[in-house]
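The values are calculated or read from the model by the stated rules, or taken from the named source; none is laboratory data. Being a predicted model, the structure only gives us computed values, none of them experimental. Reconstructed Cβ throughout: ideal geometry from the backbone, glycine too, with neighbour counts over all protein chains shown.
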Amino acid sequence: MRTTVEAVMTRTVALITASTPFKEIAEILIARGVSAVPVVDGENRVIGIVSEADLLRKEEFRELYYREGYQPPLRARLRHRLNREGGDPEAKSHGDTAAELMTAPAITIGPRLSTVAAARLMEKHGVKRLPVIDEDDRLVGIVSRRDLIRVFVRPDADIAQDVRQEVLGRSLWVDTEHVRVSVDNGVVTLSGAMDRRSEAEIAARMVGRVNGVVDVINELEWKYDGDAEWKSA
């Protein structure tokens, strides 16, 4: 029930090639309202990505700012040092084409992975979007932080319906007749009773995987727990 990257990604992607010039890249970013574009080869395989930050290196490292006695702020120097893995920032400041400006290799993701996996990958690498590639490394879309956030704006009524029908009605092979579901701003509250503690815990975990669920409050009681009856979850 987890949302996949394929379900939320943008399929019509602005892209460039290694030879695309600096000015054209800037125009594409502005015209398409995006902060980065993937760089592809002749077979549509992703070889890198160029972001606004890559373009801004040119302004940041202009010779004007390196006149006698000038040194960039400490924060900028630390950022440049940490970002070496994506290429030398100063070298990028002299770049005129995508090949010279891009960060390579690009951090990518497959379409069938979950949006949770995408979010973790973005967090790990400090990026805002991921090119989505198929099994042959060809570009099929792009997923951004905004795309991931859309999962959490589902109406409460739709979430409640999925919980009742998909989880309680189909996925659990146990009696859920006495389980009540309420949803408020994406937070699902389960109340009522189930036969066993293990069933109540499984139900709560499965509800947490429904698209749009922000959190699960488990107020279920269970009848059997080995040595006692009617315990609260």
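Please identify the pairs in which a residue from the stretch 194-206 that is in the same structural domain as residue 171 (by TED's automatic domain parsing) and without any contact (Cβ under 8 Å) to a residue 40 or more places away in the chain has its Cβ atom under 9 Å from the Cβ atom of a residue that is outside any helix (DSSP H, G or I) and of a type in the set (Asp, Glu), counting only partners at least 6 apart or on another chain.
194/175; 194/221; 195/175; 196/225; 197/225; 198/225; 199/175; 200/221
Can you list the helices (runs of 4 or more DSSP H) lying wholly within the stretch 32-125 that have 1 or more residues being buried (at least 18 other Cβ atoms within 10 Å of the Cβ) and either modelled with pLDDT under 90 or assigned by TED's automatic domain parsing to the domain that holds residue 137 (or both)?
Of the helices (runs of 4 or more DSSP H) lying wholly inside the stretch 32-125, those with at least 1 residues that are buried (at least 18 other Cβ atoms within 10 Å of the Cβ) and either modelled with pLDDT under 90 or assigned by TED's automatic domain parsing to the domain that holds residue 137 (or both) span 52-60, 89-92, 98-101, 115-125.
Is one or more of the residues making up the stretch 163-174 under 24 Å from residue 117 (Cβ atoms) and exposed (fewer than 14 other Cβ atoms within 10 Å of the Cβ)?
no
Being more than 30 Å from residue 109 (Cα to Cα), among the hydrophobic types (A, V, I, L, M, F, W, C) and not in a strand (DSSP E or B) is true for just one of 174, 167, 181. Which residue is that?
Going through 174, 167, 181 in turn, just one is more than 30 Å from residue 109 (Cα to Cα), among the hydrophobic types (A, V, I, L, M, F, W, C) and not in a strand (DSSP E or B): 174.
Output the number of the condition that residue 209 fails; it satisfies all remaining conditions of (1) touching a residue at least 40 places away in the same chain (Cβ under 8 Å); (2) closer than 12 Å to residue 160 by Cβ.
(2)
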